[in-house]
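Asker: The structure follows.
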Amino acid sequence: WHLAKIGTPAAWDTTPGSSSVIIAILDTGVDSTHPDLSTKIVAGWNTYNNNNVTLDVYGHGTAVAGTAAATMNNSIGVAGVAGKCSIMPIRISDTSGYGYSSTIASGLIWAADHGARVANISYALNSNATVQSAAQYFVAKGGVVTMSAGNSGTLDTNVNNPYIITVSATGSSDTLASWSTYGSTVDVAAPGVSILTTNNGGGYGSWSGTSFSAPVTAGVAA
């Protein structure tokens, strides 16, 4: 439902994206063998273990990646918003899916230095100074950073971060999801309820959260 709601069919008539535009997915890793993702993965980095092993250790990152850029027009599964763009997996989490400001910041800098034009962070850390500094670096290199607002269902009273597009979540009726964080930190709202996307290990599933409204926005940017 979300692709039609944001007008992607009309947008795809102008551009479905380009493989030269790289979206960095700063998350739990990405399943590079998934049939809807395998043809679009470029080299990434694991800032948690400081190596190049970026396989998905939790499942969240693969779902986020597919939301942004699952392959389109291949007669299987789903289509991402930017179905022709490339995906750079940046693993920033431990095996329980927990991310750290230091690994996110390092991931942003690595991605910026290795050609990513868009970076998605499906963690709510827009007021963190370490992450903000790295986002400023990414933007200075000509990029766009998108981030989840959070799923607290409460008002975020922090000052807006000028270097990060913070995204709240809406449902199919274009209203704010009851669990979505909101407030002056939020720059835009996007679909984040029952988003059909890629699952780790193959297959597909329906996911909800600002973790998915953020990569929808990343796909639009890409």
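Asker: Taking region 126-149, which residues are in contact with a strand residue (DSSP E or B) (Cβ under 7 Å, 6 or more places away or on another chain) and modelled with pLDDT of 95 or more? Steps first, please.
Answerer: Of all residues in region 126-149, those in contact with a strand residue (DSSP E or B) (Cβ under 7 Å, 6 or more places away or on another chain) come to 126, 135, 138-139, 143-149.
Matches in region 126-149: ALA135, PHE138, VAL139, GLY143, VAL144, VAL145, THR146, MET147, SER148, ALA149.
Asker: Quick check on region 49-57. Is at least one of its residues closer than 16 Å to GLY219 by Cα, open to solvent by 20 Å² or more (accessible area, probe 1.4 Å), in contact (Cβ under 8 Å) with a residue 12 or more places away in the chain and not acidic (Asp, Glu)?
Answerer: No, region 49-57 has no match at all.
Asker: State whether the residues of region 126-144 include one that is in a loop (DSSP other than H, G, I, E, B) and touching a residue at least 40 places away in the same chain (Cβ under 8 Å). Write out each step before concluding.
Answerer: Let us first name the residues in region 126-144 that are in a loop (DSSP other than H, G, I, E, B), namely 126-128, 141-143.
Right, trim to touching a residue at least 40 places away in the same chain (Cβ under 8 Å) and you get 126-127.
Within region 126-144, one or more residues are in a loop (DSSP other than H, G, I, E, B) and touching a residue at least 40 places away in the same chain (Cβ under 8 Å).
Asker: Would you be able to tell me the number of residues in region 169-190 that are farther than 22 Å from ILE22 by Cα and touching a residue at least 40 places away in the same chain (Cβ under 8 Å)?
Answerer: Residues flagged as farther than 22 Å from ILE22 by Cα and touching a residue at least 40 places away in the same chain (Cβ under 8 Å) within region 169-190 amount to 6.
Asker: Out of all the residues in region 59-93, which are over 13 Å from the mean Cα position of the chain (by Cα), over 21 Å from LEU108 (Cα atoms) and not aliphatic (A, V, I, L, M)?
Answerer: Once the filter is applied, which keeps residues that are over 13 Å from the mean Cα position of the chain (by Cα), over 21 Å from LEU108 (Cα atoms) and not aliphatic (A, V, I, L, M), region 59-93 yields THR71, ASN73, ASN74, SER75, GLY77, GLY83, LYS84.
Asker: Just the residues that are part of a loop (DSSP other than H, G, I, E, B) and open to solvent by less than 10 Å² (accessible area, probe 1.4 Å), please, taken from region 151-166.
Answerer: ASN161, ILE164
Asker: Next question, about the same structure. Just to check your reading of the model, which residue among ALA190, ALA169, ALA218 is open to solvent by less than 70 Å² (accessible area, probe 1.4 Å), of a type in the set (Gly, Ala, Ser) and more than 12 Å from HIS2 (Cα to Cα)?
Answerer: ALA218
The values are calculated or read from the model by the stated rules, or taken from the named source; none is laboratory data. From a predicted model like this one, the values you see are computed outputs, not experimental measurements. Here the Cβ is made from the backbone with ideal geometry for all residues, glycine too, and neighbour counts use every protein chain on show. Areas reflect the complete protein model, heavy atoms only, side chains present, ligands, DNA and RNA absent. Shrake-Rupley method; radii C 1.70, N 1.55, O 1.52, S 1.80 Å.
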